[in-house]
Each structure stands twice: as structure tokens, then as C-alpha cells.
1. Cβ-Cβ distance below 6 Å, separation of 6 or more or different chains: which pairs start in the stretch 461-473 with a residue that is closer than 30 Å to Leu171 by Cβ and assigned by the TED database to the domain that holds Thr424 and end on one that is surrounded by 11 or more Cβ atoms within 10 Å (Cβ to Cβ) and among the basic types (Lys, Arg)?
2. Outside any helix (DSSP H, G or I) and open to solvent by less than 10 Å² (accessible area, probe 1.4 Å): which single residue out of Phe268, Phe274 fits that description?
3. Yes or no: the stretch 137-147 includes at least one residue that is of a type in the set (Lys, Arg) and in the same structural domain as Ser188 (by the TED database).
4. Return a yes/no flag: does the stretch 145-158 have any residue that is part of a loop (DSSP other than H, G, I, E, B), under 23 Å from the mean Cα position of the chain (by Cα) and farther than 30 Å from Leu91 by Cα.
5. From the list Gly104, Gly99, Gly110, which one is of a type outside the set (A, V, I, L, M, F, W, C) and surrounded by fewer than 18 Cβ atoms within 10 Å (Cβ to Cβ)?
6. Regarding Ala485, is this residue of a type in the set (Gly, Ala, Ser) and within 20 Å of the chain's Cα centre (by Cα)?
7. From the list Lys53, Lys151, which one is free of Cβ contacts under 8 Å to residues at least 40 places away in the same chain, open to solvent by 10 Å² or more (accessible area, probe 1.4 Å) and basic (Lys, Arg)?
8. Contact list please: Cβ distance under 9 Å, first residue in the stretch 418-439 and not assigned by the TED database to the domain that holds Ile459, second residue crowded, with 21+ Cβ neighbours inside 10 Å and at pLDDT 95 or above, pairs at least six apart or on different chains.
Amino acid sequence: MQRNMLFLRSFMILVLSCIAIKINLCFPNILSSLKTLPIDGHFNFEQLHHAAKDFGNRYSFLPLAVLHPNSVSDIATTVKHIWQMGPGSDLTVAARGHGHSLQGQSQAHGGIVINMKSLQGLKMQFHIGNLPYVDVSGGELWINILREGLKHGLAPKSWTDYLHLTVGGTLSNAGISGQAFRHGPQISNVHQLEVVTGKGEVVTCSEKQNSDLFHGVLGGLGQFGIITRARISLEPAPEMVKWIRVLYTDFATFTRDQEELTSGESTFDYVEGFVIINRTGLLNNWRLSFNPQDPVQASKFKSDGRTLFCLELAKYFNRDETAVVNREIHSSLSQLNHIPSTLFVSEVPYIEFLDRVHISEIKLRSKGLWEVPHPWLNLLVPRSKIQTFAQQVFGNILTDTSNGPILIYPVNKSKWDNRTSVVTPDEDVFYLVAFLSSAVPSSTGNDGLDHILIQNKRILEFCEIARLGVKQYLPHYSTQGEWKAHFGSRWEVFVRRKSSYDPLAILAPGQRIFQKAVPYSQ
């Protein structure tokens with residue numbers, strides 16, 4: 001027995017030594033092969049920690065190298081090189097824009113991270129006419145597109161709430177905000193893409209050209225290609241925004257008004273909402289940016305200890321339309337069933353409204369409260385189940401909203417293209433419910449990471465047990481079985497596209513959907 005154990009131990013040491021030798025032999029070869037690639041940009045092999053973190057601040061995986069591309073050709077050359085190394089290589093590639101992912105999706109453990117912001121230098125090209133559009137780099141920030149577009153009196157139609165994100169990043173997910181009820185998500189407003197596939201091929205695709213790749217990449221979580229250029233639809237940009245907030249105590253009334261505003265031809269251009277649980281002095285905080293229509297009554301309103309629902313609206317206009325717009329807004333608001341004394345209004349420039357979250361970011365950064373763990377949970381909830389969801393989650397699981405905002409608003413499925421890779425509930429109207437929590441590092445209380453993660457788990461478990469038909473937005477799962485359940489009947493199409501465009505599973509390893517060099521089946 002002792003002799004067998006000794007033999008087994010010696011054998012294991014020999015195996016591990018062989019593995020170590022193989023790694024040590026391969027590692028310099030990989031590095032030297034990358035150093036000799038004919039690229040315009042450069043690799044960084046030392047300062048890698050920035051590429052091993054993201055906005056979620058929960059995962060950190062060091063890459064082998066970071067590519068700073070000067071051209072699309074640099075990306076294609078690098079990916080093709082890894083493709084040609086075959087399944088025996090462990091190298092993977094992750095495209096990293098602004099690093100706003102939550103679960104390490106833009107990281108590549110022991111692989112190559114591509115700094116997509118290096119491509120921002122590619123010039124934006126605006127095309128002005130009856131159907132205006134702009135050609136932009138996949139590494140361009142939406143805020144820069146807005147700033148440049150306004151010089152031409154134009155702007156994209158659909159946004160996210162935070163504009164300091166890259167085009168490639170949001171188009172790989174969907175890109176949702178309060179304009180989605182009218183224009184659909186950002187992926188519904190793209191005419192054309194340039195993509196580098198997992199084979200290192202540079203492909204131009206659109207609805208009519210290479211359409212399978214075009215639709216697969218939109219909302220495809222980076223699995224089928226790296227978006228290096230996009231053609232974005234534009235519209236005339238307004239000058240100003242009437243920004244309005246009103247409160248409700250009854251959830252059914254709140255959602256009924258939201259759905260009415262997002263059906264048909266709404267007066268408003270933006271409709272969102274958020275949940276407020278046990279927040280003291282809420283309206284006093286709003287007075288910094290908003291004017292109460294009835295200051296006396298608003299001062300008597302108490303929010304502490306209550307669950308409230310805020311409807312947030314925006315109407316875009318030019319200065320010469322002010323009188324007409326005011327009448328339209330007054331007429332529309334008179335048909336709502338909010339608490340009259342809680343009507344708050346602000347008037348701001350268009351760019352200030354769209355970039356409103358960045359203003360909050362600056363304040364949080366100054367207090368050291370931005371680079372903390374963000375255990376966010378984003379869900380798409382079918383309209384028929386939203387009351388059941390709210391009753392359990394806002395009534396029992398959550399006791400306050402002090403850890404961050406909870407957004408909630410309806411979107412219309414008719415504005416989404418079911419040929420893309422995004423998975424949504426099987427109903428014509430569904431709600432985005434976003435739990436945008438921030439955790440206090442080292443805290444063991446209700447504002448600590450563990451507490452928030454347990455809350456998230458309870459919400460997901462309830463959705464599963466109650467069979468609400470909820471789908472995760474910005475999805476994250478641990479096993480391929482969970483991913484298969486997420487995609488449901490669309491899993492076979494997703495796998496077929498992976499097999500066609502990234503058969504070695506080189507791209508976006510941080511999504512943890514496919515594992516390189518491990519066969520995957522339908």
C-alpha cells in the first residue's frame with residue numbers, strides 16, 4: 001500500500017513537472033510570436049492590471065498581453081494569428097471598451113485583451129440627408145458621437161442612460177434607455193457593421209449583406225465577432241428638454257400610466273421610472289435640480305417609510321416651440337393619475353439631460369464611491385407578470401433602496417428585431433427592471449456585497465419558482481446548461497453561429513458561454 005502511494009506521488013510530480021516544463025517552453029514562444037506580428041499599434045506585456053478589472057469590481061483576471069491597435073488590421077492580424085495556432089493554444093481574445101462590464105466579460109485570463117478605445121482615432125464620418133447616419137469606430141464613446149453630431153444638428157435616436165460607453169460594447173448587448181419604447185434599443189438603429197470574426201476575417205455586414213453575421217453580432221455578447229465599425233442612424237437633434245418627475249403610491253396605477261405613455265403616439269420622447277423604498281427627504285433632494293409645481297404641498301409630502309414609484313418623463317423641443325410644448329405637456333399630464341403635489345419640472349439643454357449620469361459619476365468619484373463593487377441585476381419581466389413580481393420583490397425581498405436606484409419601465413417588442421441574438425420575454429410588452437446596487441467594501445451590513453448578492457439570488461429564485469418567464473439582460477451564468485435555458489429555442493441558432501464565425505471559441509471568454517478547445521453540442 002505504502003509502495004503504491006509512493007509510486008502515485010512520484011507519478012503526479014512527474015506529470016506536474018512535465019506540464020510546468022511545457023508551459024515554460026510555450027510561454028516565451030507565444031510572447032515572441034506576438035512581438036513579431038506586423039501591426040501598426042503595439043502590445044503591452046507588463047502594465048496589465050487595468051485590463052484585469054471592470055465596473056463590477058468583483059472579478060480580476062490578468063491577461064497575457066494588451067493590444068493597443070492603431071487599425072482594424074491590427075485586430076484582424078492578432079485574431080488570425082491565434083486562430084492559426086489551432087485548438088492546442090489556450091489563447092483567447094476579449095475586446096475591452098470602457099470596461100463597464102459587471103462580471104469580467106471584457107477580461108481574458110491568460111489571453112489577449114484588445115483596448116478598443118485605441119480605435120477612437122478613426123474619424124467619424126457624418127452623412128447628412130433625408131436619412132442621415134454616421135460611420136464610427138467600435139471603440140468610440142457615445143458621448144463623443146453626441147458632441148460631434150450636435151455640430152451638425154444631428155444625434156442618434158436611441159441611447160443608454162450612461163453615454164461613456166463604447167459603440168461596440170452596447171451593440172454587443174442591446175443598448176436600452178427611456179427612448180426604447182419609440183425607437184427600439186440601439187441595436188434596432190444600426191444600418192451596417194464591420195466585424196472581425198474569430199477566424200481573423202474582416203467582414204462588412206448589414207441586413208442585406210452577410211445578414212446572418214449582422215444579426216448574430218447585434219446583442220451577441222461578443223461571441224461571433226469584434227465590432228470595429230458601425231453605421232448608426234441619426235435624427236435632427238433638439239436644443240432643450242423638459243424633464244419631469246411625478247410620484248405614485250399605487251404600483252398598478254403607475255404601470256398603467258407608463259404603458260399608456262409608451263403606446264401609440266406619445267407626447268413624450270423618453271419614459272422611465274424608478275422605485276423608491278423608505279427614502280427620507282426625497283423631494284428636498286430633488287429641489288436641487290427640479291422645481292416643484294406646488295411648493296407648499298410638496299414640502300408637506302413625507303417619503304420615509306413608504307414604497308413610492310416615480311415616473312420620469314422628458315419632452316424634447318427647440319426654443320421657438322416652448323409655448324406649444326408647454327400646452328402639450330400640460331394636456332398629457334392632466335390625463336395621468338399621479339399624486340398632484342409631487343410634480344417636479346426642470347428645463348435643461350439636450351446634452352445635459354442625456355449625460356446626466358456622468359454628472360453623478362463625477363460626484364461619486366470625488367467621494368471615492370465610484371470604484372466599488374457593483375452587483376447589478378438587470379431583468380426583462382413580461383407585462384402579465386409585473387404585478388406579481390413587484391408584490392413579492394418590492395413588498396418583501398427589498399426593504400429599502402439606499403444601495404442604489406431601481407429602474408423600471410416598459411418597452412415594446414415590436415421595436416425589437418427577433419433575428420438578433422438578444423433574448424426577450426415572449427410577450428408584446430415587457431419591463432426592464434434594473435437593480436443598480438453599489439456595495440460598500442468591507443461592510444458586513446445591508447450595504448455589503450454579500451447582503452446584496454443574497455438579495456439578487458432571492459429575486460432570481462422567486463422568478464424561477466413562480467415561473468414568471470423573466471430573462472436576464474446583460475446575462476451572466478456559470479454553466480452552459482444555464483445559458484442553454486436562457487436562450488431556450490434560440491440556443492441552436494446561437495451555437496450554429498458560434499460554429500460558423502468563431503469555431504475555436506477564441507472570442508469573449510469572459511462571458512463563460514463556450515470554452516476554448518472543448519467541443520460544444522446543440
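The values are calculated or read from the model by the stated rules, or taken from the named source; none is laboratory data. All values reported here derive from a predicted model rather than from experimental measurement. Cβ placement follows ideal geometry from the backbone for every residue including glycine, while neighbour counts extend to all protein chains displayed. Remember, those area values only see protein heavy atoms, side chains included, never the ligands or the DNA or RNA. Shrake-Rupley method; radii C 1.70, N 1.55, O 1.52, S 1.80 Å.
1. Leu468/Lys385
2. Phe268
3. Yes, that holds for at least one residue.
4. Within the stretch 145-158, one or more residues are part of a loop (DSSP other than H, G, I, E, B), under 23 Å from the mean Cα position of the chain (by Cα) and farther than 30 Å from Leu91 by Cα.
5. After ruling out the rest, the residue left standing is Gly110.
6. no
7. Of Lys53, Lys151, the one residue that is free of Cβ contacts under 8 Å to residues at least 40 places away in the same chain, open to solvent by 10 Å² or more (accessible area, probe 1.4 Å) and basic (Lys, Arg) is Lys151.
8. Every condition considered, no pair remains.
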